[in-house]
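Notes to accompany the following structure.
Taken together, the values in this text are just the output of simple stated rules run on the coordinates, not laboratory data. Because the structure is predicted, anything quoted here is derived from the model rather than measured. Here the Cβ positions follow ideal geometry from the backbone for every residue, glycine too, while neighbour counts run over all protein chains shown.
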């Protein structure tokens, strides 16, 4: 009878170790898979949008599965209205697909107002 009790305890310990081993293996595999997917998610190189119209920039971004966010509209003597004058992130950087490219667009040159006199 003593051998049965000792053998039963050995079997119980082995079953417990096996269960924990299976749980640990499942945990490690799922964690490794999540890290792999996160690290290898599709990335793209940011295009140079400077000097393009907002429409052209949106088309370029769309082809790379990126979005355009207009942050500011500024007067610019060198660029016509709706032209990209600044962008973040900068061209050549690598970002994940689906991210937004933030841009400033030109309002064109500032037009000087003429003063009118109130009299004649």
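General observations
- Computed per residue of the chain from DSSP H runs no shorter than four, each worth -39500 (n - 2.57), the mean residue ellipticity at 222 nm is -14000 deg cm²/dmol.
- Full-extension gain in nm, residue 35 to residue 11, via 0.36 nm per residue minus C-alpha separation: 5.0 nm
- Quotient of Cα Rg and 2.2 N^0.38 Å for the range 69-118, N being how many residues it contains: 1.64
- Given R0 = 22 Å, the distance between the Cβ atoms of residue 73 and residue 112 translates into a calculated FRET efficiency of 0.70.
- Against the main long axis of the alpha-carbon atoms of the chain, helix 54-63 sits at an angle near 20°.
- Distance between the pseudo-spin-label points of residue 55 and residue 26 (7 Å out from Cα toward the beta carbon): 5.7 nm.
- Burial order of peptide ranges 47-60, 15-28 (average beta-carbon count within 10 Å, highest first): 47-60, 15-28
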